[in-house]
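Presented below is the structure to which this report refers.
Derivation of every value follows stated rules applied to the coordinates shown; laboratory data play no part. Source: prediction; values computed, not measured. Neighbour counts are summed over all protein chains in view; Cβ atoms, including those assigned to glycine, are modelled from backbone coordinates with ideal geometry.
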Amino acid sequence: MKAATALSRRGFLKVTSYSALLTMVTVMTAGCSPDKNDLHIIAQRLIALLSHPERARELGAMYNAQLTESVQPSHEELTRQLLAVLGFDPGIVTNHSLDTLEARFRQQVRQDFDDENIVIVKGWMLSKTEIMLCSLAAISTDS
């Protein structure tokens, strides 16, 4: 006697097709894409731009200490803000767009100085973009 759970060829193809469709829908609705990066990875790539990350963390910590607790953004918020300043859409950051990260950062720092958008921390004159990155480095847990 055959088992009642045996599938016909047609039934097998239907189940396989539905499984593939369900997997695709799940991946698409979760926002997963092989080209998209999560904010933690993006923050690490940003912090890697720093020539002297330990000194930057110190400056970032000093700057953060000046802010009231209600003004201090979270790690994720600060990463999103920094991406926006650099002209990225935080929801659509791909590996390809991150290849321009250093050039965009350098350009924005120059623009900040041109616009006199600067901050002084312990005698250091930094662009607003630089201090945002230092602040991110200071609050980053895995850097």
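Quick notes on this one:
- Each peptide in 96-107, 61-72, 79-90 receives the mean, over its residues, of other Cβ atoms within 10 Å, and ordering these scores from highest gives 79-90, 96-107, 61-72.
- For segment 87-130, dividing the convex hull volume of the Cα atoms by the residue count gives 79 Å³ per residue.
- Over all pairs of different C-alpha atoms, segment 39-139 has a mean inverse distance whose reciprocal, the Kirkwood radius, equals 13.7 Å.
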